[in-house]
Amino acid sequence: STEYSNHGKMKEDLLRRGSTKWARPLFAFCSHGMPSSIGLQPVRPRNIIPLISWRSQRSLSTGNIVPIERRAQFSFGTSSRAESIMRAKSPRAELDASSKPSKAATANAGADLEEDSQEEDMEEEEDDEEEDAYPEPEHIKIVDNFLSKDLASKLRGEFEGIYKNPRESSLNPKRFIWDYWYVPGSQYHLLRTMANKLFSEKLYEALEYELLKFARVELSCDAMTPVFCSMYMNGHEQRIHCDIPHGPFAFVLSLSKTSLIDGNTKQLPFEGGETKILRPHVLDFWRRFDSSSVVEQDEIFETVPPHFNRLVVFDPRLPHYVSQVRGPQDPRDSRLVIHGWFAEPAPFADNVDKQFDDAFQDALEGLTNAVVDRLQELPMALGMIALRIEINKETQRAQNIIKKVDTLIPHPRGVEADQDPSQVREMIWNQVIEVVQEFKFPKLQGSTGVKAKAKKGGAALESDSNDNFVVLTLPFVFE
């Protein structure tokens with residue numbers, strides 16, 4: 001993930017601009033960046049200093065989470081160990097169950113019939129918790145009102161200002177920056193430009209900052225592709241395709257004019273223009289086939305209208321398209337969207353005192369190796385998971401684990417004919433969480449108890465994190 005970037009120049013530029021309190025990437029973890037063949041350089045935070053350590057240069061392959069030299073040992077089936085894991089309860093279910101009354105305790109509480117009823121209810125609740133512990137993968141995230149009202153309005157206002165007076169005598173050069181992109185067969189048919197050419201530098205940097213902040217906090221991604229802006233007029237569309245090489249997440253942020261009718265109904269000035277994303281179950285159609293069901297468009301595609309200030313983030317491996325826009329001739333009534341891909345998943349840590357940086361990075365490498373070892377005997381999978389781990393500095397263990405990303409799909413070669421693919425997902429998640437729970441991190445707190453601080457514009461800022469915790473965001477890419 002570092003082969004196409006100039007670290008020296010980047011670091012020098014970042015040092016000149018100063019850093020913020022946002023978490024810092026610890027090392028390059030996987031190769032899910034942009035291939036050099038598409039000719040795009042990644043956009044990274046301008047004001048966040050990465051730790052460029054010797055580990056960045058090491059071969060830390062994550063091919064299906066197993067180092068390349070170990071791939072020959074990888075099991076394509078379900079080993080006896082994997083079967084025993086599959087039958088075991090999830091760590092979360094065990095923890096939840098331990099806090100419930102035992103059978104013996106309930107026996108002394110009342111009548112036998114009431115006991116049996118209560119026990120059955122508790123067992124059903126535990127079963128429900130186990131079933132819900134790792135639900136279906138989350139391939140789509142929708143965030144309404146993504147930008148602040150002020151920033152979204154200013155971006156929209158700058159665009160409208162370009163086309164406010166179509167007869168103005170002094171030609172606005174920004175009217176001439178659009179590329180008319182047409183691929184035969186209407187595969188792609190739209191107007192596009194680079195977002196930093198359309199908007200003022202100040203507004204674009206604010207937009208870029210919000211996108212990169214979201215990428216790090218919510219998706220554990222350290223970079224994004226250059227940001228595009230596309231305008232769809234009458235007849236424009238994108239036909240079905242996948243964007244697999246560019247990054248693990250595609251994003252679309254709409255700046256399309258949206259009106260409110262009756263105070264709560266949103267209306268766009270055009271028809272069509274929705275982002276249509278194939279529902280994942282369609283790719284496993286025959287396994288879930290039901291001859292008694294009628295299958296129509298809404299059962300096949302997820303439909304997301306481009307309402308103003310709505311961010312849509314989705315797994316670009318899923319086939320998707322933009323339905324044909326009908327109606328607008330005025331650019332101000334067009335489907336106007338900002339889009340690109342989030343790339344380079346990487347671990348981030350916040351609230352680590354500088355004196356413990358090296359020890360923490362060594363521990364993180366030990367944790368990832370432990371996960372690799374544990375997953376070797378499990379069936380193969382494709383996709384990405386990411387955890388937000390709150391590490392107690394006193395106990396040196398994970399105290400709270402939150403799932404941030406889950407696009408994990410069992411590889412067809414790793415699923416037995418009579419096996420439910422959700423079992424494979426549960427096996428993998430169980431093992432990752434179990435390793436994290438068992439892992440003991442190094443001492444991360446000095447005797448002085450001084451809070452970790454970061455600098456922004458030369459001024460010291462206290463971290464938002466609780467001083468007793470280190471917050472680690474840790475991704476794993478299966479490919």
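Of the residues making up region 303-319, those that are open to solvent by 40 Å² or more (accessible area, probe 1.4 Å) and within 18 Å of the chain's Cα centre (by Cα) number 1.
Among residues of region 220-236 being assigned to a strand (DSSP E or B) and hydroxyl-bearing (Ser, Thr, Tyr), the one that is surrounded by the most Cβ atoms within 10 Å (Cβ to Cβ) is TYR232. Under the condition of being closer than 18 Å to ILE338 by Cα and part of a helix (DSSP H, G or I), the residues counted in region 138-175 number 16. Evaluating LYS276 against the criteria (1) outside any helix (DSSP H, G or I); (2) at pLDDT 90 or above; (3) among the basic types (Lys, Arg); (4) more than 27 Å from the chain's Cα centre (by Cα) leaves one unmet condition, (4).
Being within 19 Å of GLU210 (Cβ to Cβ) and either in contact with a Gly (Cβ under 8 Å, 6 or more places away or on another chain) or open to solvent by less than 30 Å² (accessible area, probe 1.4 Å) (or both) is the filter here; which residues of region 330-344 pass it? Those that are within 19 Å of GLU210 (Cβ to Cβ) and either in contact with a Gly (Cβ under 8 Å, 6 or more places away or on another chain) or open to solvent by less than 30 Å² (accessible area, probe 1.4 Å) (or both): LEU336, VAL337, ILE338, GLY340, TRP341, PHE342, ALA343, GLU344. When you scan region 376-394, do you find a residue that is farther than 30 Å from LEU191 by Cβ, part of a strand (DSSP E or B) and among the basic types (Lys, Arg), even just one? Among the residues of region 376-394, at least one is farther than 30 Å from LEU191 by Cβ, part of a strand (DSSP E or B) and among the basic types (Lys, Arg), which makes the answer yes. Among the residues making up region 357-370, a single one is open to solvent by less than 40 Å² (accessible area, probe 1.4 Å) and either without any contact (Cβ under 8 Å) to a residue 12 or more places away in the chain or of a type in the set (Ser, Thr, Tyr) (or both): THR368. In region 313-334, the residues that are over 10 Å from PHE270 (Cβ atoms) and assigned to a helix (DSSP H, G or I) form Cβ pairs under 7 Å with partners that are open to solvent by 10 Å² or more (accessible area, probe 1.4 Å) and among the basic types (Lys, Arg), at six or more places apart or across chains, as follows: ARG332/LYS257. For region 371-394, a residue qualifies if it is within 25 Å of VAL217 (Cβ to Cβ), under 24 Å from the mean Cα position of the chain (by Cα) and open to solvent by less than 30 Å² (accessible area, probe 1.4 Å), and the qualifying residues are VAL371, ALA381, GLY383, MET384, ILE385, ALA386, LEU387, ILE389, ILE391. Taken across region 395-409, residues that are modelled with pLDDT of 50 or more, part of a strand (DSSP E or B) and farther than 22 Å from VAL217 by Cα do occur, with at least one present. Within region 196-218, the residues that satisfy the criterion of being out of contact with any helix residue (DSSP H, G or I) (no Cβ under 6 Å at 6 or more places or on another chain), open to solvent by less than 50 Å² (accessible area, probe 1.4 Å) and either assigned to a loop (DSSP other than H, G, I, E, B) or closer than 24 Å to VAL322 by Cα (or both) are LEU198, SER200, LEU207, GLU208, LEU211, PHE214, ALA215.
Kindly indicate whether GLY263 is part of a loop (DSSP other than H, G, I, E, B) and in contact with a Lys or Arg (Cβ under 9 Å, 6 or more places away or on another chain). Answer is no for this residue. Across region 237-264, what is the total count of residues that are more than 23 Å from PRO137 (Cβ to Cβ) and open to solvent by 70 Å² or more (accessible area, probe 1.4 Å)? Qualifying residue count for the region: 5.
The values are calculated or read from the model by the stated rules, or taken from the named source; none is laboratory data. Keep in mind it's a predicted model, so treat the numbers as computed, not measured. Glycine also receives a Cβ, built like all others from the backbone with ideal geometry; neighbour counts cover every protein chain displayed. Note: areas computed on protein heavy atoms with side chains; ligands, DNA, RNA excluded. Shrake-Rupley method; radii C 1.70, N 1.55, O 1.52, S 1.80 Å.
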